[in-house]
């Protein structure tokens, strides 16, 4: 099992009205660290594309100790933690310039057949990076089998669209954009008065270029359940749950 370390500085474009980093920025830092590690291990999207496959994030579970501020120096450590069925699992630990924990996360990734857009078994080049032991250091214990509920009664915010800047190398809406849509749907004052402590997301159906979507949320005390689905209704593209204080 190898660990990879990446460093980032919180810039102006990472921060919002309160001077703290946007939550999607934290996800971007973790995705970048994972991507850089994949370069080192020769299992990038481009490497998988050579055998007709690609990576897609399926699930992510994050716990946030504090939201970093402008100019904070962040260190992200990431490593593969084993496989669970069709999932390739990866964990993250983010700390600041004082070695204080900022966030920790665990994630589950799938390999997809590019032509059929269907999940396939993990190829050997992916299996080779994982620890031989079933026991690996985990930041959050998650067997990736649990379900998240969809909002039943709540608010609906429409007007999201899969434009060019929302897409990634797989030509679908990227995970950080889903998170931005989910959080942007919440009232402005909510972001100022509350702090996010936990966030869990499960991706279900991809949104392709030109797709239009709506965000739905239901607030139950400090917990919110969220989803993104096509505008006007339909099967959900992702579901999420957040905990605030």
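Remarks
- Any hit, segment 16-29, residues being free of Cβ contacts under 8 Å to residues at least 60 places away in the same chain and assigned to a helix (DSSP H, G or I): yes
- Which listed residue is assigned to a loop (DSSP other than H, G, I, E, B) and either over 18 Å from the mean Cα position of the chain (by Cα) or under 19 Å from residue 108 (Cβ atoms) (or both), from 192, 207, 129, 182: 129
- In the condition set (1) touching a helix residue (DSSP H, G or I) at 6+ places or on another chain (Cβ under 6 Å); (2) modelled with pLDDT under 95, residue 130 is compliant with all but (1).
- Flag if residue 232 is more than 21 Å from residue 22 (Cα to Cα) and crowded, with 16+ Cβ neighbours inside 10 Å: no
- When the residues of segment 235-245 are filtered to those that are surrounded by fewer than 20 Cβ atoms within 10 Å (Cβ to Cβ) and in a strand (DSSP E or B), the one that is nearest to the chain's Cα centre (by Cα) is 241.
- Among residues of segment 27-42 being surrounded by fewer than 21 Cβ atoms within 10 Å (Cβ to Cβ) and either touching a helix residue (DSSP H, G or I) at 6+ places or on another chain (Cβ under 6 Å) or at positive phi (or both), the one that is modelled with the lowest pLDDT is 42.
- Failed criterion for residue 79 (all others in (1) in contact with a strand residue (DSSP E or B) (Cβ under 7 Å, 6 or more places away or on another chain); (2) closer than 30 Å to residue 186 by Cβ; (3) assigned to a strand (DSSP E or B) hold): (2)
- Within segment 1-15, if we keep just the residues that are surrounded by fewer than 19 Cβ atoms within 10 Å (Cβ to Cβ) and outside any strand (DSSP E or B), the residue that is modelled with the lowest pLDDT turns out to be 1.
- Just one of the listed residues (111, 78) is more than 19 Å from residue 199 (Cβ to Cβ), outside the structural domain of residue 237 (by TED's automatic domain parsing) and either at pLDDT below 95 or touching a helix residue (DSSP H, G or I) at 6+ places or on another chain (Cβ under 9 Å) (or both), and it is 111.
- When we screen 140, 67 for residues that are surrounded by 20 or more Cβ atoms within 10 Å (Cβ to Cβ), in contact with a strand residue (DSSP E or B) (Cβ under 8 Å, 6 or more places away or on another chain) and assigned to a loop (DSSP other than H, G, I, E, B), the only hit is 67.
- Test result for residue 232, more than 23 Å from residue 141 (Cα to Cα), out of contact with any strand residue (DSSP E or B) (no Cβ under 7 Å at 6 or more places or on another chain) and at pLDDT below 95: yes
The values are calculated or read from the model by the stated rules, or taken from the named source; none is laboratory data. Everything quoted here is computed from the prediction, not taken from an experiment. We place every Cβ from the backbone using ideal geometry, glycine too, and count neighbours over all the protein chains shown.
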